[in-house]
Amino acid sequence: MNSTLLKLTKRVVLITCGTLFCLGHAIAAPLIGAYVWGGMLDGGHGVDRFQRSVGFLLDHGFEAVRFTVTPPSIKQYGIDDLCSTDRRDGCYLRAMLDGKVFDDSRLKLVMVTLHDFASQPDHMLDPDFIAAHRDAIRAETSDALEVLAKRFAGRNVQVIVSNWEGDNMIYCGQVYAFARDRKAADQCLAKIGGEAGLVHRLEGFASWIALRESAINDIQRKYANLAIEQAPEFVVFNLTGSPQWQCTTLCKAGLTVLAKFTQGQKLPMCSYSAYDSLKAGTLDADLDRIGQICSKVVLGEVGFRQRDGDNSNPASDYAKLERAVADHAGTLTAMIYWNAFESAESTDKGFGLYRGDGSPRNVRALPSALAPKGSKPSS
């Protein structure tokens, strides 16, 4: 069956179910979630504020949340001093997850961007450092996974461990700037040692991911009833051939996270930070290719920037997104909106689904098929 006919067949199946997706049948809707990151509900502080923000999302129909535990992020959450004598991921995770909101049966997926303190600030890109500090990195990762296991084992909650956008990590913070701006590319290459430095950083990243995967395999053997996977996150799937990149600097198809990890094999789970595909309007075609490389995909960085006073995105943007998600519903595990809240301290303005006071913002522009479903508090 060719791809066009397959897409038409999928749409017929979806439409005949009465909605965009066919829940409980052959094709299930991806879970709808949001990043609790880069903004939270107003009021309170620290862990309490974070947990209230998660509870707000569950009360408004979301079933998935993504948050981050990294050295920079704990300062954003206001919990930096909680673990001053034990600055490791497990300590911060334990505090953040220690609340009734994470007992809620409406929560179906927890995704954590997890960067260990042992390999900060960017030693996870240095294979020599990882080899020399393997035991420390592994121990911290295993401790964090143990926290997740004790919290979610035996429950109907999928746990996904990921990283901040891998290609941005490799390319000095912003792969798009590297690809399009000669000055930015030259500065990055000078800092990391040229093309050989990119190769070295990719090797380091792959070593770091492999070490985490080994720890996850061990925790799965220990907790057979824990649904946990790693989803390496990438930003670029085609640096040299896709219209949104148009790379004019050092453009090597093999120097991306996805190219490094695939090399002829299909990955069980990926996280795709899809902002550039959305901006270019190419998500449907991009997911066609990603689906050939990744068996399951978490779609992240979903959303369109809106300025205050503009509460409806162009219909064509959401129409393309709706079609892309429908075409690939069998591949997508979850769709995570960037981001849940736009509060006073948010620096990335224009993407918040809700304001800091909880009033609706961009969420009002979501078509019903892409919006969280209504939910009542669980008993």
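The values are calculated or read from the model by the stated rules, or taken from the named source; none is laboratory data. Only a predicted model underlies this, so the values are computations on that prediction, with no experimental measurement involved. Cβ atoms come from the backbone with ideal geometry, glycine included; neighbour counts cover every protein chain shown. We work out accessible area using only protein heavy atoms, side chains counted, and drop any ligands, DNA or RNA first. Shrake-Rupley method; radii C 1.70, N 1.55, O 1.52, S 1.80 Å.
Scaling the Cα radius of gyration of the stretch 178-218 by the globular reference 2.2 N^0.38 Å produces a ratio of 1.57. Compared with the alpha-carbon gap, the fully stretched path from residue 132 to residue 217 is longer by 28.4 nm at 0.36 nm per residue. For the chain, relative contact order (Cα pairs under 8 Å, six or more residues apart, normalised by length) works out to 22 percent.
Look at the dipole of the chain built from charges on Cβ: of 159, 79, 214, the Cα furthest out on the positive end belongs to 159.
Solvent-accessible surface of the stretch 172-258, taken per residue with a 1.4 Å probe and all protein chains present: 43 Å². Stretching the chain fully between residue 203 and residue 87 yields a gain of 39.1 nm (0.36 nm per residue, less the alpha carbon separation).
Kirkwood hydrodynamic radius, computed over distinct alpha-carbon pairs, for the stretch 194-342: how many Å, to one decimal?
About 17.1 Å, per the Kirkwood formula over Cα pairs.
Two numbers describe the Cα atoms of the stretch 213-279: Rg and Dmax, which are 15.6, 48 Å. For the stretch 92-226, the relative contact order is 36 percent, taking Cα pairs closer than 8 Å that sit 6 or more residues apart in sequence and dividing their mean separation by the residue count. In the chain, the DSSP beta bridges split such that about 5 percent are antiparallel, to the nearest 5.
If you average 1/r over every pair of different alpha-carbon atoms in the stretch 141-255 and take one over that average, what Kirkwood value in Å do you get? Write down the numbers at each step before the final one.
Numbers: mean 1/r = 0.0627 Å⁻¹.
Final number for the Kirkwood radius of the stretch 141-255 is 15.9 Å.
Each other residue within a Cβ distance under 11 Å of residue 156 adds +1 if Lys or Arg and -1 if Asp or Glu, for a net charge of +2. The alpha-carbon positions of the chain define a convex hull whose volume is 150 Å³ per residue.
Between amide H atoms placed 1.01 Å from N, distances below 5 Å from residue 333 occur with 297, 298, 299, all of them 5 or more places distant or on a separate chain.
Across the alpha-carbon atoms of the stretch 85-140, the computed radius of gyration and Dmax are 14.6, 43 angstrom. Helix-only arithmetic for the chain: the sum of -39500 (n - 2.57) across DSSP H runs with n ≥ 4, divided by the residue total, places the mean residue ellipticity at 222 nm at -12500 deg cm²/dmol. 3J(HN,Hα) along the stretch 286-303: 5, 5, 4, 6, 4, x, 7, 9, 10, 5, 10, 9, 9, 9, x, 6, 8, x Hz, from the Karplus curve 6.51 cos²θ - 1.76 cosθ + 1.60 with θ = phi - 60°, whole Hz, x for Gly and Pro.
Normalised radius of gyration for the stretch 141-201, please: alpha carbon Rg relative to 2.2 N^0.38 Å, two decimal places.
For the stretch 141-201, the normalised Cα radius of gyration is 1.71.
Ranked from largest to smallest solvent-accessible area, with a 1.4 Å probe on the protein heavy atoms, 45, 115, 60 come out as 45, 60, 115. Volume per residue for the stretch 99-172 equals 108 cubic angstrom (convex hull of Cα atoms).
Sequence neighbours fewer than 8 away in the same chain don't count; with that in mind, list the lysines whose C-alpha is under 18 Å from residue 150. Candidates past the 8-residue exclusion: 100, 108, 222.
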